[in-house]
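What follows is one structure encoded as structure tokens, with my remarks underneath.
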Amino acid sequence: MSGHLFERFVVDPAAQVAFSNESILSAMLRFEAALAGAQARCGVVPEPAAAAIRRHAGTLSFDADRLARDGAHAGSLAIPFVKTLIAHVASQDPQASRHVHFGATSQDVLDSALALCAREAVAQLVETQTKAIAAASSLATRFATAPMLARSFLQPAGVTTFGFKAAQWARSLARSLARVQTTASEALAVSFGGAIGNLSAHGTAGNAVRAELARELGLRDPGASWHTQRESWIALATDTALAAGSMGKIARDIALMAQAEVGEVAEAESEGRGGSTAMPHKRNPVLTLHVIAAVHPVPGMIANLLAAMPQEHERALGTWQAELAQWPEVFIRAVSAARYLSELLVGLQVDTVRCRGNIDALHGVIFAERLTDVFAPALGKIEAQALVAQLSRRATSERRPLRDIARECAAMDARLATGDKANVDRAFDLTDAARASGAAVEDLLRGIRPAG
């Protein structure tokens, strides 16, 4: 899958390998060779014929563009594929060619081939997303107690730590990857049902052949045809999309923190990366861009796959074919995003001084909730909130520390004057404010289940 120029800009070429033309055709040939072997072991076809099919299938090559044209004309890629395979085997062993693709149908070879390709894609996702999990975990450990702003509705909300944010990233990535692995164990199944799903051409040997075929291909034996029962298959794509969504969330966080006026993080510098055609001073977050661009279309793809699930009777007309065209793209984009994200997180530069400066620039209003808790015993919660809101507005407009204004207020209000003045100072203790987030990092990381 070379893709057009704009797609190649977004998608990592390595992520396309699992679903390349060569990979798909190789998987289809593997299916046919494995089918012949399974049928021979179950006494359905002669062993010499099976051996010939296996031998000659390994020497066949295809013109993918021609196959696509012929498949479009015939109504299925499998029709010209099987026709070519039969002709190739017949040229070497006419007797064996009669047993090529025996008792199978086009959907068996195409679905099984896609399952084989998807298995490789899942392995790539596990490898790349595991690297991202490790990188996020490392950031969490290194910056466990480094204070930074927590933001709600894109506004300052309180004090957290960078390590806590990174630990949440790591946990989300690990949780979503675990879902993919669990679903894959169910979904990566051989497809083998014959013309109408009941393996009638195999008599009583159908189930045994399917089990043998699954074993040889390393796929699960589903126990029945799943030609138009696609829930496990679509669930795998959906859970992969959830993983992509988790990656997109992290990239979005980084994009916001990397804005020059925020300046809390930056991508690692790389020669030639992140420049501008017009503004020499710019340092664009290119890896972040790639993650966001890779995952952005995925929700629409999942909507298309779900829309294709109501498939007609024993073989779908159009919806299955639409699914086949869309399905690989979910994995290509998820693997691409994971590759870019792992590189991004490994090299991410965290500016703890700037994080602290962004807190200080707020004149202490970020501690308003903690100050409310100090005043509440004397004033009641509602009045304390109203008072602190008023003091916070003064701190912002006068550009004075809220702590100083709070001390003045406490000195003038008899109800507050009797309180412990040290409590006011404690409300503005940055280390104490960040303590809860810092303490939670270890627990978050402990909950990550290793992938593999």
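Which of the residues belonging to the range 123-133 are in contact with a helix residue (DSSP H, G or I) (Cβ under 8 Å, 6 or more places away or on another chain) and either closer than 14 Å to S76 by Cβ or open to solvent by 10 Å² or more (accessible area, probe 1.4 Å) (or both)?
Of the residues in the range 123-133, the ones in contact with a helix residue (DSSP H, G or I) (Cβ under 8 Å, 6 or more places away or on another chain) are 124-126, 128-133.
Once the filter is applied, which keeps residues that are in contact with a helix residue (DSSP H, G or I) (Cβ under 8 Å, 6 or more places away or on another chain) and either closer than 14 Å to S76 by Cβ or open to solvent by 10 Å² or more (accessible area, probe 1.4 Å) (or both), the range 123-133 yields Q124, V126, T130, K131, I133.
Inspect all residues belonging to the range 333-350 and state whether any of them is surrounded by fewer than 21 Cβ atoms within 10 Å (Cβ to Cβ) and farther than 30 Å from A118 by Cα.
Within the range 333-350 (the criterion being surrounded by fewer than 21 Cβ atoms within 10 Å (Cβ to Cβ) and farther than 30 Å from A118 by Cα), the answer is yes, since at least one residue qualifies.
Output the residues belonging to the range 46-81 that are within 20 Å of A195 (Cβ to Cβ) and open to solvent by 80 Å² or more (accessible area, probe 1.4 Å).
I79
Given the criterion under 30 Å from H99 (Cα atoms), open to solvent by less than 50 Å² (accessible area, probe 1.4 Å) and in a loop (DSSP other than H, G, I, E, B), identify the matching residue among G194, G206.
Exactly one residue qualifies, and that residue is G194.
Is it the case that some residue within the range 229-239 is out of contact with any Leu (no Cβ under 9 Å at 6 or more places or on another chain) and assigned to a loop (DSSP other than H, G, I, E, B)?
yes
Which one is farthest from G103 (Cα to Cα), of the residues in the range 16-71 that are more than 29 Å from the chain's Cα centre (by Cα) and among the acidic types (D, E)?
D65
Please go through the range 69-110 and pick out each residue that is more than 16 Å from G318 (Cα to Cα) and of a type in the set (G, A, S).
Result: A87, A90, S91, A96, S97, G103, A104.
Please state which of the following conditions R230 fails to meet, knowing it meets all the rest: (1) open to solvent by 10 Å² or more (accessible area, probe 1.4 Å); (2) under 25 Å from P310 (Cβ atoms); (3) charged (D, E, K, R).
Status for R230: all satisfied but (1).
Here are some conditions: (1) of a type outside the set (V, I, T); (2) surrounded by fewer than 22 Cβ atoms within 10 Å (Cβ to Cβ); (3) without any contact (Cβ under 8 Å) to a residue 60 or more places away in the chain. L371 meets all but one. Which one does it not meet?
Among (1) of a type outside the set (V, I, T); (2) surrounded by fewer than 22 Cβ atoms within 10 Å (Cβ to Cβ); (3) without any contact (Cβ under 8 Å) to a residue 60 or more places away in the chain, the lone unmet condition for L371 is (2).
If a residue must be open to solvent by 20 Å² or more (accessible area, probe 1.4 Å) and outside any loop (DSSP other than H, G, I, E, B), how many such residues does the range 302-328 contain?
Counting residues in the range 302-328 that are open to solvent by 20 Å² or more (accessible area, probe 1.4 Å) and outside any loop (DSSP other than H, G, I, E, B) gives 10.
When you check A40 against the structure, is it assigned to a helix (DSSP H, G or I), modelled with pLDDT of 95 or more and touching a Pro at 6+ places or on another chain (Cβ under 9 Å), yes or no?
Spelling it out, A40 is indeed assigned to a helix (DSSP H, G or I), modelled with pLDDT of 95 or more and touching a Pro at 6+ places or on another chain (Cβ under 9 Å).
Filter the range 117-155 for residues that are of a type in the set (V, I, T) and under 17 Å from the mean Cα position of the chain (by Cα) and give the result. Lay out the reasoning, then the answer.
Initially, the range 117-155 is screened for residues of a type in the set (V, I, T), giving 122, 126, 128, 130, 133, 141, 145.
Scanning the range 117-155 gives V122, V126, T128, T130, I133.
Read through the list (1) in contact (Cβ under 8 Å) with a residue 24 or more places away in the chain; (2) open to solvent by 40 Å² or more (accessible area, probe 1.4 Å), then give the number of the only condition that E261 fails.
(1)
For the range 105-115, state whether one or more residues are open to solvent by less than 30 Å² (accessible area, probe 1.4 Å), over 20 Å from A184 (Cα atoms) and touching a residue at least 40 places away in the same chain (Cβ under 8 Å).
Within the range 105-115, one or more residues are open to solvent by less than 30 Å² (accessible area, probe 1.4 Å), over 20 Å from A184 (Cα atoms) and touching a residue at least 40 places away in the same chain (Cβ under 8 Å).
I'd like to know if the range 163-184 contains one or more residues that are within 30 Å of S26 (Cβ to Cβ), at pLDDT 95 or above and open to solvent by 60 Å² or more (accessible area, probe 1.4 Å).
The answer is yes, given that some residue of the range 163-184 is within 30 Å of S26 (Cβ to Cβ), at pLDDT 95 or above and open to solvent by 60 Å² or more (accessible area, probe 1.4 Å).
Report the residue count in the range 408-440 for those that are open to solvent by 60 Å² or more (accessible area, probe 1.4 Å), of a type in the set (V, I, T) and part of a helix (DSSP H, G or I).
Selection size over the range 408-440: 1.
Please state which of the following conditions T84 fails to meet, knowing it meets all the rest: (1) open to solvent by less than 50 Å² (accessible area, probe 1.4 Å); (2) assigned to a helix (DSSP H, G or I); (3) in contact (Cβ under 8 Å) with a residue 12 or more places away in the chain.
Among (1) open to solvent by less than 50 Å² (accessible area, probe 1.4 Å); (2) assigned to a helix (DSSP H, G or I); (3) in contact (Cβ under 8 Å) with a residue 12 or more places away in the chain, T84 violates only (1).
Does any residue of the range 136-157 turn out to be open to solvent by less than 20 Å² (accessible area, probe 1.4 Å) and either at pLDDT below 95 or under 30 Å from L219 (Cα atoms) (or both)?
Scanning the range 136-157 turns up no residue that is open to solvent by less than 20 Å² (accessible area, probe 1.4 Å) and either at pLDDT below 95 or under 30 Å from L219 (Cα atoms) (or both).
The values are calculated or read from the model by the stated rules, or taken from the named source; none is laboratory data. All values derive from a computational prediction rather than experimental measurement. Methodologically, a virtual Cβ is constructed for each residue, glycine included, from the backbone with ideal geometry; neighbour enumeration extends over all protein chains shown. Keep in mind that these areas ignore ligands, DNA and RNA; they rest on the heavy atoms of the full protein, side chains included. Shrake-Rupley method; radii C 1.70, N 1.55, O 1.52, S 1.80 Å.
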